[in-house]
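The structure appears right after this line, and notes come after that.
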Amino acid sequence: MRNSQSVINFKYFSQNINEDRYGKTITTILKNDKNHEIHHKLVWQKGYGALEVYNTFVNNDNIKVTLEMLSSFSLTGITPFEVGDTPESLLVHRIRSCWSAEGRLDTSSVEDLQLEPSWGMYGIRCEKFGQVGSMPVRKFFPFVAVEDKINHVLWGVQLAHGASWQMEICRVDDALSLSGGLADREFGHWVKNVQPGENFTTPKAVISVAEGNIDVIANRLTQMQNRPMEMLPETEKELPIIFNEFCTTWGKPSYDNIKELAESLKGKGIKYFVIDAGWYAQKGRKWDFSMGDWRPCVELFPEGIEKAVEVIRECGMIPGIWFEFEVCGRYSDAFHNTDHQLKRDGFSITSGDRRFWDMRDSFVIEYLSKHVIEFIKKYGFEYLKIDYNDSIGIGCDGAESQGEGLRQHIASTQNFIKKIRAEIPNIVLENCSSGGHRLEPSMMAITSMSSFSDAHECIESPIIAANLHRVILPRQSQVWAVLRKRASEKRLVYTMVGTFLGRMCLSGDIVDLSEIQWDIIKKGIDFYNKIASVIKNGFSYRFGPKVKSYRHPKGWQAILRVSTDKKEIVAIIHSFEGEAVGEIQIQLPSNYSYRIEDIYTDDVAKIFINEDKLVCNISEEFKAIAVYIKISL
């Protein structure tokens, strides 16, 4: 579809450049002989090293037009620095994702992807990939980068879309091309009718080019996600710490255990206390598939859930609550309300024990406004964890194609989230989807932070948290430290240091920890608070060998987080399974003077700075070290 005749028929018509003190917008208009237009928008904002790009199709004809594909972006001429087809010089970087193993970098040569041109420059080569369904980050992140490894230049793209999407890497001659956007008719069952006088706009893509490596181009792309952060509630400014009771009660929160937990956390530096799943489970019904009715369980909260909110506030914390409001679980009454659920071929879409509200339905919006928004207002919650744990698949009825039905449904979901923010301006919103299956820019832009993964207390947790620096802002990546009473001092530090890779969220055996264990945690909290500004504003660079097995990791990794103003650095180091790593050296930015301000680890570690290198000797497996460094000229 990418090189179809209907695309070729569009010709350049005009270009307009609009510049103001905020940046520049270039609008290029293409026309065909049927009175159709494509308006290509390229937007640059001052202070950012990337561009936004999107397209609008305009139907000025007197008959409807059916779109089968409309890309958000197209880049070609890669690489302009070499002559010919540049054998063995181009790499393709993609980022894979699956449950509890999000963000794995996948690098292939163009030769391995069979993207070499043919001997006759005939027969297009194309690597097409993406994700179909309502979990946009379940196989790949909507991200791609091509590297010219001879000239050390990379072109990168990140797509902002919460439903089915695609990327295409194409070649028919010497130059490589990238394009992508909405999943098309072939890949995503998408067809869109545009009536006379109407138009249709694609999702936005973010594009950039940089000299360096994959981390440099990723930093440029993710920095664009800082723009919506200016609209966050005041409580989010200092990246406060969260406690979530899920890995403590495992779906059985009650007034009694919340009271015990809240009192044990009083004065410990925790800002948000989140009541997770299970608070709504009625007697005799399983909590994990009772979503939809949203009535607090009387057995769990005999005096009402407001008493739990009250005790959280009395202990100096902001109360939060969990909802998976887009679905109806099998054990809820709402599960049987099929008139207002998503359907495919006339049947309610049922995935295991879940069905899905049709978010385009005014009844559903009214229902959820009452059961979610009014509930939050009534009880005074100021933090909402929005979970989503299954995909609707290729799409749904109610539009000209099932793919378009899916697009409309997800757009309506995002509009409802915006409605929550509009009606409760101080609300802190967490984006969760079986951990990290919605970690894409359009969802990140309307929420305060996101669950990094469901790998809550796994040894691979810091590997995943480090991966995500390439696709989301660390300030929005909620990393869990599940604290167990059986944990050794070294294990507690390993867990706590992992949270320095994003937003600290605590859970686990809080009331059973010893004074020694709490002393370790308190030092970790103090260290996090020192480095929060670097987590919030900075650039990330990864060091260490590739970790091949996440479940049985070997070797080591380090993330160097350099503050935007280049006055502070944080090094987050983890060793994994196997023999002692020995001495490692991490390159620091050149031409500066450095001073180690603080170190957080489980015992004395040999750490020093030699000119512009951080040197560390690691003698044990599964050891974690965090180093806070001040920079001076």
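Yes/no per residue for (1) open to solvent by 10 Å² or more (accessible area, probe 1.4 Å); (2) modelled with pLDDT of 95 or more:
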position	(1), (2)
Glu102	no, yes
Gln114	yes, yes
Ser118	yes, no
Lys128	yes, yes
Gln131	yes, yes
Pro142	no, yes
Lys149	yes, yes
For Asp526: the one exception among (1) within 25 Å of the chain's Cα centre (by Cα); (2) among the charged types (D, E, K, R); (3) exposed (fewer than 15 other Cβ atoms within 10 Å of the Cβ): (1)
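Listed here are the residues, each with its yes/no results for (1) assigned to a helix (DSSP H, G or I); (2) free of Cβ contacts under 8 Å to residues at least 24 places away in the same chain.
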position: Ile242; (1), (2): no, no
position: Glu263; (1), (2): yes, no
position: Asp293; (1), (2): no, no
position: Val298; (1), (2): no, yes
position: Val311; (1), (2): yes, no
position: Pro319; (1), (2): no, no
Of residues in the stretch 569-583 being crowded, with 18+ Cβ neighbours inside 10 Å and over 17 Å from Leu239 (Cα atoms), the one modelled with the lowest pLDDT: Val581
Counted residues, the stretch 362-386 - those being in contact with a His (Cβ under 9 Å, 6 or more places away or on another chain) and surrounded by fewer than 18 Cβ atoms within 10 Å (Cβ to Cβ): 1
Of all residues making up the stretch 169-183, the number that are in contact with a Phe, Trp or Tyr (Cβ under 8 Å, 6 or more places away or on another chain), part of a strand (DSSP E or B) and under 19 Å from Ile95 (Cβ atoms): 4
Subset of the stretch 45-67 [part of a loop (DSSP other than H, G, I, E, B), open to solvent by 20 Å² or more (accessible area, probe 1.4 Å) and more than 29 Å from Ser6 (Cβ to Cβ)]: Lys46, Gly47, Tyr48, Gly49
Failed item in (1) open to solvent by 30 Å² or more (accessible area, probe 1.4 Å); (2) more than 30 Å from Lys546 (Cβ to Cβ), with Gln517 passing the rest: (1)
The stretch 223-253: number of residues that are in contact with a Phe, Trp or Tyr (Cβ under 9 Å, 6 or more places away or on another chain) and open to solvent by less than 10 Å² (accessible area, probe 1.4 Å): 9
Subset of the stretch 529-551 [open to solvent by less than 20 Å² (accessible area, probe 1.4 Å) and over 20 Å from Ala218 (Cβ atoms)]: Ile531, Ala532
Residue satisfying all of: in the stretch 388-422; hydroxyl-bearing (Ser, Thr, Tyr) and within 21 Å of the chain's Cα centre (by Cα); farthest from Pro136 (Cα to Cα) among these: Ser412
Looking only at the stretch 479-494, and only at residues there that are within 14 Å of Ile463 (Cα to Cα) and either in contact (Cβ under 8 Å) with a residue 60 or more places away in the chain or not β-branched (Val, Ile, Thr) (or both), the one that is surrounded by the most Cβ atoms within 10 Å (Cβ to Cβ): Trp480
Subset tally (residues that are out of contact with any helix residue (DSSP H, G or I) (no Cβ under 8 Å at 6 or more places or on another chain) and either in a helix (DSSP H, G or I) or under 15 Å from Glu326 (Cβ atoms) (or both)) for the stretch 385-405: 10
Where a residue in the stretch 552-566 is loosely packed, with under 15 Cβ neighbours inside 10 Å and its partner, wherever it lies, is in a loop (DSSP other than H, G, I, E, B), with Cβ under 7 Å and at least six apart: Thr564/Asn537; Lys566/Pro589
Residue within the stretch 600-619 that is under 30 Å from the mean Cα position of the chain (by Cα), at pLDDT 95 or above, under 18 Å from Thr495 (Cα atoms) and open to solvent by less than 60 Å² (accessible area, probe 1.4 Å) present: yes
Pairs, first of a type in the set (Lys, Arg) in the stretch 207-220, second surrounded by fewer than 20 Cβ atoms within 10 Å (Cβ to Cβ) and assigned to a strand (DSSP E or B), C-beta under 6 Å, six or more apart: none
Residue ID - farthest from Gly403 (Cα to Cα), chosen from residues in the stretch 337-381 that are among the basic types (Lys, Arg) and within 25 Å of the chain's Cα centre (by Cα): Arg354
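The values are calculated or read from the model by the stated rules, or taken from the named source; none is laboratory data. What you see is a predicted model, and the numbers here were worked out from it, not measured in a lab. Every residue, glycine as well, gets a Cβ built from its backbone with ideal geometry; the counts of neighbours run over all protein chains shown. Only protein heavy atoms, including side chains, enter the accessible area calculation; ligands, DNA and RNA are left aside. Shrake-Rupley method; radii C 1.70, N 1.55, O 1.52, S 1.80 Å.
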